[in-house]
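Structure, as structure tokens:
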Amino acid sequence: MDLSALEIFRAVASEGSVTRAAERLGRVQSNVTTRVQQLEEQLGATLFLREGRRMVLTPAGESLCGHADRLLALAEEARQSVHPGRPGGRLRLGAMESTAAARLPAPLARLHAEWPEVQLELRTGASGTLVDEVLAHASDCALVAWPPPGVDPEAPLDRTAVFTESLCIALPADHPPVDRPGDLQVDTLAAFTRACTYRRMGEDWMRQHLHGRFHGAAPRVLELASYHAILACVAAGRCAGVVPQAVIDLMREPPALRLLPLATCDTVLVRRRGYQSAALDALLASLQRA
């Protein structure tokens, strides 16, 4: 199998559509369909189920995805190694939503201005998920809150501290002061998924402050997908939430909240151990100048 066939397969798997994959790759739909069919014939396996216009991976397709990610990542590393002093090519960056919103606009604009040949792909997610994607070769590097939940401390990763975030506990505006365990009057945390470092820190804080009022029970968690949704639920009087001060600072008119200092937390750039490229060096240099 050749790399272009794997790139086409990966694009269809990512987009779930031949039409969107063709648009993304700049190819005609018939060519994308033919190349997928040729790959299936070569491998002797059905890679997709066709459900109307949707393309759904079969178990064989799911298995191939991981191998395709690793092969394409290694091919990109090889291409970039030929020109070690000239940043260029594709660089797949993962980032927390708060980091993407509050920290990345200026560094990424600077990177593009200085090195327009770098083709940056950005995806957002929770820290633990982003680390898994780096280890699986689905991303080249990621900005995560360290340490993420569930990540093996011995995982083969290199990391560089880039930012330090000041975290706050957000409570409803009319919540009384929280000076000691038992003062907390809400028992629900509005947060991202279990893979979120900030969620784990919020759960630990609430567990301490619920002691004596709710018999030390673990907080309930309302899983949400954005800080706007989290803060809306907090402002409505239902929940507590953990939010970086940088996110609050971005808001023109933040909701009425009681904000309590929680802790500081390092945001680190992680990459697979030994992974190196001129594009990654350029990104890190731009981040460190922020």
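The values are calculated or read from the model by the stated rules, or taken from the named source; none is laboratory data. Source: prediction; values computed, not measured. FYI the Cβ positions are ideal-geometry reconstructions off the backbone, even for glycines, and counts take in every protein chain you see. What goes into the accessible areas is simple: the full protein's heavy atoms, side chains included, and nothing from ligands, DNA or RNA. Shrake-Rupley method; radii C 1.70, N 1.55, O 1.52, S 1.80 Å.
Some observations on this one:
- Pairs linking a residue in segment 2-17 that is closer than 11 Å to V32 by Cα to a residue that is open to solvent by 10 Å² or more (accessible area, probe 1.4 Å) and not in a helix (DSSP H, G or I), with Cβ atoms under 8 Å and 6 or more positions apart or on different chains, are I8/R27; V12/M55; S17/R53; S17/R54; S17/M55.
- Residue that is farthest from A285 (Cα to Cα), among those in segment 46-86 that are surrounded by 11 or more Cβ atoms within 10 Å (Cβ to Cβ) and among the acidic types (D, E): E62
- Residue match in segment 61-68 (condition: of a type in the set (S, T, N, Q), within 30 Å of G274 (Cβ to Cβ) and part of a helix (DSSP H, G or I)): yes
- Residue count for segment 281-290 satisfying the condition of being open to solvent by less than 10 Å² (accessible area, probe 1.4 Å) and aliphatic (A, V, I, L, M): 2.
- Subset of segment 23-45 (residues that are over 23 Å from the mean Cα position of the chain (by Cα) and either open to solvent by less than 20 Å² (accessible area, probe 1.4 Å) or of a type in the set (D, E, K, R) (or both)): E23, R27, V32, R35, V36, L39, E40, E41
- When segment 90-110 is filtered for residues that are over 18 Å from V131 (Cα atoms), open to solvent by 20 Å² or more (accessible area, probe 1.4 Å) and touching a residue at least 24 places away in the same chain (Cβ under 8 Å), the ones remaining, listed by number, are R90, A101, A102, R103, A106, L108, R110.
- Selection within segment 262-280: residues that are at pLDDT 95 or above and open to solvent by 30 Å² or more (accessible area, probe 1.4 Å). The member of this set that is farthest from T164 (Cα to Cα) is R271.
- Only residues that are over 9 Å from the mean Cα position of the chain (by Cα) and among the hydroxyl-bearing types (S, T, Y) were counted in segment 107-148, giving 1.
- Checked against the criteria, D266 does not count as part of a helix (DSSP H, G or I) and either of a type in the set (D, E, K, R) or touching a Pro at 6+ places or on another chain (Cβ under 8 Å) (or both).
- Of the strands (runs of 3 or more DSSP E) lying entirely inside segment 157-254, those carrying at least 3 residues that are touching a residue at least 12 places away in the same chain (Cβ under 8 Å) and either surrounded by fewer than 19 Cβ atoms within 10 Å (Cβ to Cβ) or out of contact with any Lys or Arg (no Cβ under 9 Å at 6 or more places or on another chain) (or both) are 157-172, 220-223, 240-244.
- Any chance R123 is among the basic types (K, R), out of contact with any His (no Cβ under 8 Å at 6 or more places or on another chain) and open to solvent by less than 40 Å² (accessible area, probe 1.4 Å): no
- Selection of segment 161-202 for residues being within 28 Å of the chain's Cα centre (by Cα) and small (G, A, S) yields A161, S166, A170, A190, A191, A195, G202.
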